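Q: Submitted below is the structure of interest, expressed as structure tokens.
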Amino acid sequence: MTPWQPVLLSNVNRPNSERITTYMAHGGYEALRKALNMAPAAVIAEVKASGLRGRGGAGFPTGVKWGFIAQDAPVKYLAVNTDEGEPGTFKDRLIVERDPHSILEGVIISAYAVGAHRAFVYIRGEFFLGVKRWIKAIADAYQHGFLGKDILGSGFDLDVSVHRGAGAYICGEETAMIESLEGKRGEPRLKPPYPAQIGMWDQPTIVQNVETLANIRHIIGRGAAWYASIGTEQSKGPKIFCVSGHVNRPGNYELPLGTPLREIIYEHAGGVRMGRRIKAIIPGGVSTPILPPDKLDVPMAFETLAAAGSALGTGAIVVMDETTDMVEAIRRITSFFVHESCGICVPCRIGGVRLLETLETIGAGKGTLADLERLDYLSRSISGLTFCPMGTGMCEPIASGINLFRSEFDARVAA
Amino acid sequence: MNVTDIQPSGVRIVDPAKEAMLLSALYIAQEREGVLTPEAIARVAERLGLEPGQVYSVASFYTLFRMQPTGRYLIQVCDGLSCYLCGGANQVVDYISAKIGIGPGETTPDGRFSLEKVQCLASCGTAPAMRINDDLYENLTPATIDAILERLQGEV
Ligand SMILES: Cc1cc2nc3c(=O)[nH]c(=O)nc-3n(C[C@H](O)[C@H](O)[C@H](O)COP(=O)(O)O)c2cc1C
Ligand code: SF4
Ligand code: FES
């Protein structure tokens, strides 16, 4: 088999890859021309047929989501999720900094498909370079007639603006992001209604992850059939895997969905540092359940990871070797979620603090068996019972971690 | 938003760009003095036609809006999992603490440095990482930290 040629990351290593001239010299904005000659419904049908699923964590089929937008709604919005902040995830920052036009082309095509004339880019406040790159890319796209009135003579109008978040992980959750874009505290809304029904200023709003949008130009450019030939039964297309932790070559690796975890870690990321053995792997960002090394052959796809007891999430793989203190690793993940809880619901706000205190007690060697039971009791009182998915996400590493590394926890507590 | 914004059709006609200005306005207000003073919050409220309490409530939700002054260089060390696994987090904080004589949450008496632990900087592939003001520093080692701090010590 010929080695995989990157699609999404094909531009990032070119000199001045972020410039519109570089982008256009390598086929940039050709897919937009093609899309504008298609009927919007045909663009939606193509994306549906491609099998593309969202890359922001939830994996919802993108074309299906577009189909939910009421065609007769007078005002529709598109919101671009550049809020990447889940520990272990660093793919969106790469695309925004090094190939912003590949996202922007996807934004324009998507807006055309759903009939949105206004798009909002929401970017994590800490991404200083990313903010600059987004603003420059948008300004250059206006100059070239890819944004504004009557784009490329098609009669389609689109305006795009950039909005900086201000340091709140929860604003990556789509309804919290909408609240933040409206100038409020980033507190999630109850779903349903979903943003595609009632979103920003009560108008239908499509929220899409940056990596998802970077796929769109390739689906339109090369066709849904080509796209759907990559990947597995239920997970189509290329995916950027962020590999970090105890590996020799941490970094972003773009590979077809369904690539085995073992191949990503040992062939692409260069294996484990100092030839050590793996103790635990987080396959999809810190809100996905931890996997033991006997699951290394799992294909990295939505359905196979679910069957293995975890989730693809954002595709952020964190590798922990045999020397890792699992109690401390899990405590650190929990401290992240507790810090980022928006605080509107009690199980997450109070339960999170109690989980963290208990993990700290156990980590300090001052815990008892009752503390281990308390972790279990607390997780069960939080998981599935919170206003937004973050509370459940917070419990995943704890529940799976204790299950897999029970002896390590037992060794830290007095009977 | 008030009832007059709701048209008979049930469709709210508002100017989204104006509505979404609060966070940007807070950034601008903060840029001037490096910190959001009560006066700055009142000014933003007046300009946008909002209550100061509402503006304060929003500002206090976000960690990048600061009500307390910090040093000229705000050192923010990632305390995330990947940085921890790669010998960062605590070790970087301890190393810097020993060099500049302050712990997390503190500012040097000369007002030059403040030190903080922060959440993931999306640099997990180039861990350990930290940020100082608008600049990101990755693949930190004692030698690179020494060089960065020496340069900032010397800035006038
Ligand atoms: C706590 C939480 C944080 C999230 N953070 C992000 C994020 O930073 N970026 C992102 O694209 N999606 C994030 N999501 C997922 C979004 O809610 C939403 O599903 C996604 O933006 C939809 O885009 P997609 O279908 O293209 O993936 C988060 C979800 C939750 C529950
Ligand atoms: S689960 Fe946590 S983050 Fe989500 S709404 Fe409740 S308090 Fe906020
Ligand atoms: S964990 Fe430190 S940058 Fe992500």
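Q: So which cysteines of chain B have no other cysteine's Cβ under 4.7 Å from theirs?
A: Cysteines of chain B left without a disulfide-compatible partner: B:86, B:120, B:124.
Q: While we're on this one: What do you get when you divide the Cα radius of gyration of region A:238-321 by 2.2 N^0.38 Å, with N the number of residues?
A: That works out to 0.93 for region A:238-321.
Q: What trypsin sites (Lys or Arg not before Pro) does region A:137-242 have in DSSP loop regions with at most 13 other beta carbons within 10 Å?
A: Loop-located and lightly packed - A:149.
Q: Give the Rg (one decimal place) followed by the Dmax (whole number) of region B:73-154, computed from C-alpha coordinates and expressed in Å.
A: That works out to 11.5, 35 Å for Rg and Dmax.
Q: Which distance in Å, rounded to a whole number, links the C-alpha centroids of region B:23-62 and region A:25-91?
A: Answer, in whole Å: 35.
Q: How many nm is it between the label spots at residue A:16 and residue B:155, if each spot is 7 Å from the Cα in line with the beta carbon?
A: It works out to 2.9 nm between the two label points.
Q: Something else now. Just the number please: accessible area per residue for the protein assembly as shown, 1.4 Å probe, all protein chains included, in Å².
A: Here the per-residue accessible area is 40 Å².
Q: Follow-up question, since we're still on this one. Please list 3J(HN,Hα) in residue order for region B:140-151, calculated via the Karplus relation 6.51 cos²θ - 1.76 cosθ + 1.60 where θ = phi - 60°; whole Hz, with x for glycine and proline.
A: 5, 9, x, 5, 5, 5, 4, 5, 5, 5, 4, 4
Q: Work out how much length residue A:128 to residue A:323 would gain on full extension: take 0.36 nm times their residue separation and subtract the Cα-Cα distance, in nm to one decimal.
A: 66.7 nm
Q: While we're looking at this one, here's another question. Let a ≥ b ≥ c be the square roots of the eigenvalues of the Cα gyration tensor of region A:326-414; is it rounded (a/c under 1.5), or, if not, prolate (a/b larger than b/c) or oblate?
A: Prolate shape, in that a/c is at least 1.5 and a/b is the bigger ratio.
Q: Kindly write out, for region A:396-409 in residue order, the coupling ³J(HN,Hα) from the Karplus curve 6.51 cos²θ - 1.76 cosθ + 1.60 (θ = phi - 60°), rounded to whole Hz, with x marking Gly and Pro.
A: 3J(HN,Hα) across region A:396-409, in whole Hz: 4, x, 5, 4, 5, x, 5, 4, 7, 10, 3, 5, 5, 5.
Q: Can you tell me how region A:20-228 classifies by the Cα gyration tensor, rounded, prolate or oblate, using a/c under 1.5 as the rounded cut? Intermediate values should be presented prior to the final figure.
A: Details: a/c = 1.41, a/b = 1.17, b/c = 1.20.
Taking the square roots of the gyration eigenvalues as a ≥ b ≥ c, region A:20-228 is rounded.
Q: Taking H as built 1.01 Å from N, whose amide H comes closer than 5 Å to the amide H of residue A:55, not counting residues under 5 places away?
A: Excluding prolines and chain starts, which carry no amide H, the hits are A:209, A:212.
Q: Would you mind counting up the charge near residue A:334? Only other residues with Cβ under 12 Å from its Cβ, with Lys and Arg at +1 and Asp and Glu at -1.
A: -2
Q: Using 19 Å as the Cα-Cα cut-off, could you pick out the over-long pairs in A:91/A:239; A:48/A:236; A:76/A:149; A:91/B:117?
A: Beyond 19 Å between Cα atoms: A:91/B:117.
Q: Starting from the amide H of residue B:65, placed 1.01 Å from N in the peptide plane, find each other amide H under 5 Å away whose residue is 5 or more places distant or on another chain.
A: Hits under the 5 Å cutoff: none.
Q: Provide the buried accessible surface between chains A and B in square angstrom, both chains summed, 1.4 Å probe, rounded to the nearest 100.
A: Looking at A and B, the buried total is near 3700 Å².
Q: Continuing with this model, one more query. Buried by at least 30 Å² relative to the chain on its own: which residues of region B:103-144 qualify, computing accessible area with a 1.4 Å probe on protein heavy atoms?
A: B:119, B:120, B:122, B:124, B:125, B:131, B:134
Q: Testing the spin-label approximation: label points 7 Å from Cα along Cα→Cβ at residue A:267 and residue A:4. State their distance in nm.
A: 0.9 nm
Q: What is the Cα centroid distance between region A:150-190 and region A:309-367, reported in whole angstrom?
A: 29 Å
Q: Right, here's the next one. Jot down the radius of gyration and Dmax of chain B, Cα atoms only, both in angstrom.
A: Every Cα atom of chain B included, Rg and Dmax give 20.1, 67 Å.
Q: A further question on this structure: Express the carbon and sulfur contribution to the solvent-accessible surface of the protein assembly as shown as a percent, rounded to the nearest whole number, probe 1.4 angstrom.
A: Numbers: 12170 of 22950 Å².
Solvent-exposed carbon and sulfur of the protein assembly as shown make up 53 percent of the total.
Q: Okay, next question. Helix-only mean residue ellipticity at 222 nm, chain A, DSSP H runs n ≥ 4 weighted -39,500 (n - 2.57), per residue, nearest 500. What is it?
A: Value at 222 nm, helices only: -12500 deg cm²/dmol.
Q: While we're here: Give, ordered by residue number, each residue of region A:162-177 whose 1.4 Å probe accessible area is reduced by a minimum of 50 Å² on adding the remaining protein chains to the chain alone.
A: A:164, A:166
Q: Indicate the gyration tensor shape class of region A:153-272 (rounded, prolate or oblate), computed on the Cα atoms with a ≥ b ≥ c the square roots of the eigenvalues: a/c under 1.5 is rounded; otherwise a/b larger than b/c is prolate and the rest oblate.
A: Oblate is the answer for region A:153-272, as a/c is 1.5 or above yet b/c matches or exceeds a/b.
Q: Can I ask one more? Could you tell me how many degrees, from 0 to 90 and to the nearest 10, lie between the Cα long axis of helix A:369-382 and the main elongation axis, the longest principal axis, of the Cα atoms of chain A?
A: Long axis of A:369-382 versus the principal axis of chain A: about 30 degrees.
Q: Any chance you could give the angle, 0 to 90 degrees and rounded to 10, that helix A:40-50 forms with the longest Cα principal axis of chain A?
A: 40 degrees
Q: Viscosity 1.002 mPa s, temperature 20 °C: Stokes-Einstein D of chain A from its Kirkwood Cα radius, in µm² per second?
A: 97 µm²/s
Q: Let me ask another. Taking the square root of 5 times each eigenvalue of the Cα gyration tensor, what semi-axes in Å does the equivalent ellipsoid of region A:102-207 have, largest first?
A: Values for region A:102-207, descending: 25, 18, 9 Å.
Q: Considering only protein heavy atoms, with the full assembly of protein chains and a 1.4 angstrom probe, order A:24, A:390 by accessible area, largest first.
A: Highest to lowest solvent-accessible surface, that is A:24, A:390.
Q: Can you compute 3J(HN,Hα) from phi for each residue in region A:118-129, using the Karplus curve 6.51 cos²θ - 1.76 cosθ + 1.60 with θ = phi - 60°, rounded to whole Hz and x for Gly and Pro?
A: Running phi through 6.51 cos²θ - 1.76 cosθ + 1.60 with θ = phi - 60° gives 9, 10, 10, 8, 9, 10, 3, x, 7, 7, 4, 5 Hz.
Q: Let me ask another. Using only Cα atoms, tell me the angle between helix A:346-363 and the longest principal axis of chain A; keep it within 0 to 90° and round to the nearest 10.
A: 50 degrees
Q: Another question, if that's okay. What does the structure give for B:70-82 when I average, per residue, the other chain Cβ atoms found within 10 Å of the residue Cβ? Provide the component values of the computation, followed by the final result.
A: On the way: counts 0, 0, 0, 0, 0, 0, 1, 0, 1, 5, 11, 16, 17.
Mean number of neighbouring Cβ atoms from other chains: 4.
The values are calculated or read from the model by the stated rules, or taken from the named source; none is laboratory data. All values reported here derive from a predicted model rather than from experimental measurement. Cβ sites come from the backbone with ideal geometry, for glycine too, and all protein chains shown count toward neighbours. When the accessible area is computed, the model is the full protein with side chains, heavy atoms only, and any ligands, DNA or RNA have been set aside. Shrake-Rupley method; radii C 1.70, N 1.55, O 1.52, S 1.80 Å.
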